[in-house]
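Inspection log for the structure reproduced underneath, given as structure tokens.
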Amino acid sequence: MKPVIALVGRPNVGKSTLFNRLTKTRDAIVADFAGLTRDRHYGNGKQGKHEYIVIDTGGFEPDATSGIYKEMAKQTRQAVAEADVVVFVVDARGGLSAQDHDIAKYLRKLGKPCILVANKAEGMKEGAQLVEFFELGLGEVFPISAAHGQGIRSLVDVALEPLHLPDPDEEEAEQEPGVVKLAVAGRPNVGKSTLINTWLGEERLVAFDMPGTTRDAISVPFERKGQKFELIDTAGLRRKGQVFEAIEKFSVVKTLQAIESASVVLLLIDAIQGVTDQDAHIAGYILESGRAVVVAINKWDAVDEYQRELVKRSIETRLGFLKFAALHLISAQKRQGLGPVWDSIAQAHKAANCKMPTPVLTRLLLEAVQFQTPKKTGMYRPKLRYAHQGGMNPPIIVVHGNSLEHVTEAYKRFLEGRFRKEFNLIGTPLRIEMKSSS
Ligand code: GDP
Ligand code: GDP
């Protein structure tokens with residue numbers, strides 16, 4: 001599981017600026033779960049080998065008792081509770097405020113790794129001006145400048161250090177290859193817990209022992225028709241003796257982490273609501289994470305013909321980018337349509353791990369070119385020569401040739417369609433990379 005860094009501090013100290021810095025290291029996937037989270041933002045970052053999730057918590061008043069501040073305080077507390085490390089940002093220029101003391105008091109009680117950062121410290125001489133921040137009782141103060149990008153790298157090092165993260169290369173190798181890691185993702189109330197409880201209630205799902213699950217995340221291993229699965233928690237799974245049950249406790253962090261650690265994500269949509277912004281955000285995150293995906297519209301029992309048509313149309317218009325995924329109409333409550341979902345999950349997993357031999361890829365590529373040559377742009381006509389597989393899960397096809405930077409998006413989609421058809425790639429994203437040798 002990716003570690004989570006929460007940025008906490010009063011308004012205007014520079015948290016958003018720092019957030020942007022921390023997530024810029026990679027194509028920032030900023031999953032903005034609008035509505036659910038008010039001022040919270042989630043993003044991915046990477047430094048060296050280590051990837052992390054950052055949460056920007058907006059402004060924090062720990063003792064707020066009413067209105068929007070109370071709500072924000074509640075959300076910040078949840079973010080802090082879910083974080084592995086808290087970065088407390090203060091303003092090196094503005095100095096200490098009463099609010100800073102309140103936040104510090106709250107953080108000291110928490111007993112979590114907490115790093116005190118004095119932002120806006122560009123051009124300041126170290127030492128003198130920062131002494132007052134020791135009053136907060138949080139130890140050393142790290143001067144940074146989010147706006148100028150100073151001290152950010154060592155801040156990340158310091159933040160991740162106490163977590164003793166394993167080397168991601170070694171972790172990768174440890175994974176059991178035959179196990180499908182499955183996450184059920186979706187907004188609150190779409191029926192995740194109901195579905196999981198229905199699954200876990202079936203005797204056919206026999207739990208088996210699997211050692212070494214990741215940092216305090218719950219996951220449930222089980223077997224179905226000879227295929228091993230590991231269900232990664234997103235619905236607040238709780239162990240009751242030998243059995244598990246799902247209790248609803250929606251957490252964006254858990255959802256993001258589960259998507260990242262899954263090999264296949266089952267995205268649940270509520271038929272009564274249709275596709276909402278939040279559904280689209282979650283779907284976008286799944287796609288950008290490169291995960292295989294199966295879409296199921298739940299509560300199909302509860303909607304009439306008219307609504308069914310509306311939902312189908314909203315899938316086409318709002319989730320068009322998941323066209324490669326299988327779509328199922330189900331009722332978790334009435335146990336309808338669930339069998340075929342398993343088949344699609346297995347199919348998506350197989351597709352994501354598909355092996356594509358170089359001779360076959362190259363033959364397909366050349367056939368495609370013969371069928372339709374890429375357009376000439378200006379002086380250049382791209383010359384596509386051969387292709388090989390550059391990765392799995394998601395599959396990556398690397399095309400080699402000349403002037404490939406002039407290959408249009410439309411042409412890439414045409415190629416994608418051909419490759420997908422040949423290898424029956426249903427349920428997995430497919431990436432096509434162009435590598436010009438001149
Ligand atoms: P937030 O409310 O804590 O998220 O703060 P913002 O990131 O929105 O920043 C508040 C203000 O501080 C903005 O005007 C920023 O441009 C400014 N700011 C942020 N980081 C720095 C910094 O490193 N140095 C200086 N001088 N200003 C900064
Ligand atoms: P979660 O927040 O995604 O875990 O959603 P829950 O499993 O708690 O379900 C939310 C509500 O939807 C509950 O009242 C369920 O009884 C109801 N629900 C779940 N699945 C179905 C279904 O297939 N059909 C109908 N009609 N209601 C369902």
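Only the coordinates and a few stated rules stand behind these numbers; no lab work does. Bear in mind that the values here come from a model prediction, so they are computed numbers and not experimental data. Methodologically, a virtual Cβ is constructed for each residue, glycine included, from the backbone with ideal geometry; neighbour enumeration extends over all protein chains shown.
Obtain the nm distance between the two label points defined at Arg335 and Ile272 by a simple spin-label model: each point lies 7 Å from its Cα along the Cα-to-C-beta direction.
The answer from the label model is 2.2 nm.
Among rounded, prolate and oblate, which fits region 358-436 when a ≥ b ≥ c are the square roots of the eigenvalues of its C-alpha gyration tensor, a/c under 1.5 means rounded, and a/b larger than b/c means prolate?
prolate
Measuring from label point to label point, each 7 Å out along Cα→Cβ, what is the Leu163 to Lys375 span in nm?
Placing both labels 7 Å along Cα→Cβ, they lie 4.5 nm apart.
Note down the nm distance, to one decimal, between modelled labels 7 Å out along Cα→Cβ at Lys74 and at Ala302.
Reported label-point gap for Lys74 and Ala302 is 2.2 nm.
When the Karplus curve 6.51 cos²θ - 1.76 cosθ + 1.60 is applied with θ = phi - 60°, which whole-Hz ³J(HN,Hα) does each residue of region 96-105 get, with x for Gly and Pro?
For region 96-105, the Karplus curve yields 6, 10, 4, 4, 4, 5, 4, 5, 4, 4 Hz.
Based on the Cβ-Cβ distance of Arg385 and Asn353, what FRET efficiency does E = 1/(1 + (r/R0)^6) give at R0 = 30 Å, to the nearest 0.05?
With R0 = 30 Å, the Cβ-Cβ based efficiency is 0.65.
Set the bar at 30 Å for Cα to Cα. Now go through Lys181/Lys383; Lys49/Lys355; Lys192/Lys312; Lys350/Lys383; Lys323/Lys355; Lys192/Lys323 and name every pair that lies beyond it.
Table pairs above 30 Å Cα-Cα are Lys181/Lys383; Lys350/Lys383.
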